[in-house]
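Data block below; observations after.
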Amino acid sequence: MEKQTEYDRIEKRARTRKRVGNTVTYTLLTFWAVMVLFPFYWMVLSSVKSYSSYNGEYVPSFFTLSPTIQNYVDAFTTVPLARYFTNTLIFTVATTLLMLVVIVLSAFAFARLDFKGKNLVFTAFLALMMIPNELVIITNFQTITNLGMRNTFWGLILPSVTSVFYIYLLKENFEQVPEELYKAAKVDGTSDLKYLFKVMIPICQPTIVTIVILKVIECWNSYVWPRLITDDEAYFLVSNGIQEIRENGFGRENIPAMMAAVVVISVPLIVLFLIFHKKIMAGVSRGGTKG
């Protein structure tokens, strides 16, 4: 009886410690979530406030009783935001598709094909990751300028069609597929490309989806290179367009409309992440483990 009582006390203390630990953990997570999400809430709130209401607030208000969509109308009519969207969509889709072709073929070659100097070439590829991005931008700028591709979509796209990190990530993922499958396929007379598309890509789909999503986000947020290689408004992306909006006075004078433009630009990425966040985490964790 005494042993049972002592066991109950120990179990009760363990449950209490676990409850306290969970309470502290979720409290901290809730506080952190509020800190992270508050800027987005403030951005959306500012975008639905009228110009006069926003400027008339001596003390910032955390809600509004008279929301308006006029700021969104102004964001599209005052500046060519639709054109920026179209340019960004073309740039993102073309860059992602071309990069996907390059990295899939490269990763497969490093993971399964045997050729002279493979390890040396792959080591050289990894060494490129240590080169500062500023040096690469300077070289790319000189190359694109000499080729006469400034203020063109090709000038925007070509420097971004490969990624050493994505090649490395996909190579590690390809190497997790048993090599016996490749040898059996070769015995059956299967070509390398057919094996790649019929076996490797379907098995490694989570990682490929993750790479596509991350590349889309990277292209959508691209700022430095498009700003450097284009000075023609016809080729501005959304990130450059927002900067142009701010610099031409519209963004400084009408903050709510500026916030509306930022909301419109941010929504596609937020929706994309919410839909595919599980695949992103699954792909990253799969690509980062061996065995």
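Throughout, read-outs are computed from the coordinates displayed, never taken from laboratory work. Values in this document were obtained by computation on a predicted structure and should not be read as measured data. All Cβ positions, glycine included, derive from the backbone under ideal geometry; neighbour counts span all protein chains shown.
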Revision key, fill the gap. Simple spin-label estimate for residue 124/residue 198, 7 Å along Cα→Cβ, in nm, reads 3.4
Check your understanding: Once you have the alpha carbon radius of gyration of the chain, what is it after dividing by 2.2 N^0.38 Å, with N set to its residue count?
Key -> 1.36
Exercise for review: Using packing as a proxy for protection, rank 61-68, 79-86 so that the peptide with the highest average count of other Cβ atoms within 10 Å comes first.
Suggested key: 79-86, 61-68
Review point. If you bin every alpha carbon distance in the range 157-241 into 10 Å steps from zero, what whole percent lands in each bin?
Key: 15, 34, 23, 16, 10, 2
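Which entries of 12/278; 118/194; 183/278; 116/198 have Cα-Cα distances beyond 29 Å here? Mind showing how you got there, number by number?
Values: 12/278 36 Å; 118/194 22 Å; 183/278 33 Å; 116/198 26 Å.
Flagged as over cut-off: 12/278; 183/278.
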Review point. Calculated FRET efficiency, residue 89 and residue 12, Cβ-Cβ r, R0 45 Å, to nearest 0.05?
Key: 0.15
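For the chain, which DSSP H helices look membrane-span-like by this rule: Cα extent along the axis of 30 Å or more and mean Kyte-Doolittle of at least 0.0?
On the way: long enough: 2-47 (66 Å, -0.27); 81-112 (46 Å, 1.64); 255-287 (43 Å, 1.71).
TM-like helix candidates: 81-112, 255-287.
First measure r as the distance between the Cβ atoms of residue 253 and residue 205, then evaluate 1/(1 + (r/R0)^6) with R0 = 51 Å and state the FRET efficiency to the nearest 0.05.
So, using R0 = 51 Å, E works out to roughly 0.60.
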Check your understanding: What are the ³J(HN,Hα) values, in whole Hz, obtained from phi via the Karplus relation 6.51 cos²θ - 1.76 cosθ + 1.60 with θ = phi - 60°, for each residue of the range 224-233 in sequence order, with x given for Gly and Pro?
Key -> 5, 5, x, 5, 7, 9, 10, 10, 9, 4
Exercise for review: May I ask you to work out the translational diffusion coefficient for the range 29-69 at 25 °C, viscosity 0.890 mPa s, via Stokes-Einstein with Rh from the Kirkwood sum over Cα pairs, reported in whole µm²/s?
Suggested key: 219
Review point. So what is the 222 nm mean residue ellipticity for the chain from helices alone, if each DSSP H run of at least 4 adds -39500 (n - 2.57) and you divide by all residues, rounding to the nearest 500 deg cm²/dmol?
Key: -24000 deg cm²/dmol
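Full extension from residue 246 to residue 146: what is 0.36 nm times the residue separation minus their Cα-Cα distance, to one decimal in nm?
Details: separation 100, 0.36 × 100 = 36.00 nm, distance 3.11 nm.
Working it through step by step, the gained length comes to 32.9 nm.
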Review point. Considering only 96, 149, 187, whose Cα is most displaced toward the positive end of the charge dipole of the range 88-197, charges sitting on Cβ of Lys, Arg (+1) and Asp, Glu (-1)?
Key: 149
